[in-house]
Amino acid sequence: MINALSMFQETSLLGFVLLIVVAGVIVDLVIGDPRWLPHPVIQIGKLISALEKRCNQGGKRRLKGVMLTAVVITIVFVVTFLVVRFAYQLHFFVGVLVEVYFISTTIAIKGLRTAGLEVYIPLSQGNLKEARTKLSMIVGRDTKDLSESEVVRGTVETIAENTVDGITAPLFWAMIGGAPLAMVYRAINTLDSMVGYKNERYKEFGWASAKTDDIANWLPARLTAFSMITASFFIKGSKIKHGLKITLRDARKHPSPNSGWPEAMVAGLIGVQLGGVNYYHGQKSVRATMGDPLMRLMSNHIKDAILYMHAGWFGFIVMLIMIVLVIEKMS
C-alpha cells in the first residue's frame with residue numbers, strides 16, 4: 001500500500017491524470033454501467049428536465065437556453081470538483097477511486113459494443129423484427145419498416161458517431177481536467193441530446209446547448225478519425241487509402257460539423273455507403289451519403305464497426321500516452 005502510494009506521488013501530474021483516465025477505461029470495460037451503481041448522468045438529466053420545464057416558455061428563449069447551459073455546466077463542474085476534492089482529503093486512494101468512478105461513468109465502450117451486438121445477433125439469425133426493435137432503442141429514426149441493410153446502416157452510423165460522443169471526447173476532456181471536465185463534457189452532451197433539436201420547441205431554447213456540444217466535440221472528432229485510420233493498419237482487410245479519401249471527401253457533408261468524421265472514416269475503411277433517407281415520426285429526412293457502396297450493407301458490417309470503434313479509442317489512448325511522453329521529455 002505504501003509502495004503504491006509512493007509510486008503515485010512520484011508520478012508527474014500529467015502522468016497521474018493519464019493513469020486515472022486509463023483506469024476509468026478499464027472500469028468501463030469490466031463492469032460498464034451496472035443498474036445497481038448510481039449514475040451521475042441520470043441526475044444530470046433530471047436537472048436539465050426540471051430546468052427546461054421552468055425556463056422553456058415565454059419570450060427570449062435563446063437567452064434562457066444560454067442561461068440553462070451555463071447553469072448546468074457550472075453546477076456539474078462545482079459538484080464534481082467538490083466531491084473529488086473531499087474524497088482526496090479523506091484519503092488519497094479514496095480520491096483516486098472516486099475520480100476513476102466519475103470518469104468511467106462518462107464513457108460507454110462496453111455499452112456501445114453491447115448495443116451493437118444486440119442488433120447484430122437477431123439480424124444474423126434472420127430475425128429482422130427483433131433487430132428493428134433493438135435498433136429503435138439506440139436511434140431516433142423510425143425503424144419498424146427498415147430493410148436489413150437499413151438496420152445495418154443505422155447501427156453502423158450510431159456506433160461510429162458514438163465512438164466520439166461516448167468514448168474519445170470524454171477521454172479527451174478528462175485528460176485536460178480530470179473528472180470535473182469529463183463530467184462537464186457529459187453534461188454538455190446530455191444537454192444537446194435533450195434540448196438541442198431544431199424543432200419548434202427547441203430551435204431557440206436549445207441553440208446554446210447544440211453549439212456548445214459542437215465546440216466540445218470539434219477536436220475529439222477529428223482526432224478520433226485520425227486514431228481510427230492509424231489503428232486500422234493493424235486490422236486485416238482495412239481499406240486505409242479509401243478511408244482517408246472518403247473522410248476528406250465526405251466528412252463535411254454531414255449536417256453535424258463533427259459526426260461526419262468518424263462516420264465517413266468507418267464507411268471508407270469498411271467500403272460501404274452511409275447516410276441517405278431516414279424517417280422521423282413519419283417525416284422524411286434526406287441526408288447526404290458518405291462513402292461509396294463497394295459492398296452491400298450486411299449484418300457482419302456491424303461487427304466491423306464495433307472493431308473500428310475499439311480501434312478508435314485504443315488508438316486515442318496510445319496517442320495520449322505518446323503526447324504525455326513527449327511533454328515529459330521536453331520538460
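The values are calculated or read from the model by the stated rules, or taken from the named source; none is laboratory data. Model, not experiment: these values are computed from the prediction. Here the Cβ is made from the backbone with ideal geometry for all residues, glycine too, and neighbour counts use every protein chain on show.
Considering region 190-214, the residues that are charged (D, E, K, R) and assigned to a loop (DSSP other than H, G, I, E, B) include one that is surrounded by the most Cβ atoms within 10 Å (Cβ to Cβ), namely Glu204. Candidates are the residues of region 133-170 that are within 14 Å of the chain's Cα centre (by Cα) and not β-branched (Val, Ile, Thr); the one that is nearest to Val22 (Cα to Cα) is Pro170.
All told, Ser285 falls short of being over 24 Å from Ser104 (Cβ atoms), at pLDDT 95 or above and not aliphatic (A, V, I, L, M). Can Val139 be described as surrounded by fewer than 24 Cβ atoms within 10 Å (Cβ to Cβ), of a type in the set (A, V, I, L, M) and free of Cβ contacts under 8 Å to residues at least 12 places away in the same chain? No, not satisfied.
Would a scan of region 309-329 turn up a residue that is in a loop (DSSP other than H, G, I, E, B) and out of contact with any Phe, Trp or Tyr (no Cβ under 6 Å at 6 or more places or on another chain)? No, region 309-329 contains no residue that is in a loop (DSSP other than H, G, I, E, B) and out of contact with any Phe, Trp or Tyr (no Cβ under 6 Å at 6 or more places or on another chain).
Condition check ((1) under 20 Å from Leu112 (Cβ atoms); (2) crowded, with 20+ Cβ neighbours inside 10 Å; (3) touching a strand residue (DSSP E or B) at 6+ places or on another chain (Cβ under 8 Å); (4) at pLDDT 95 or above) across all residues:
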{"position": "Thr247", "(1), (2), (3), (4)": "no, yes, no, yes"}
{"position": "Val266", "(1), (2), (3), (4)": "yes, yes, yes, yes"}
{"position": "Ala305", "(1), (2), (3), (4)": "yes, yes, no, yes"}
{"position": "Met309", "(1), (2), (3), (4)": "yes, yes, no, yes"}
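Restricting attention to region 127-161, the residues being in contact with a helix residue (DSSP H, G or I) (Cβ under 9 Å, 6 or more places away or on another chain) and not in a helix (DSSP H, G or I) number 11. Checking every residue in region 103-121 against the condition of being more than 26 Å from Pro262 (Cα to Cα) and either modelled with pLDDT under 95 or in a loop (DSSP other than H, G, I, E, B) (or both) gives zero matches.
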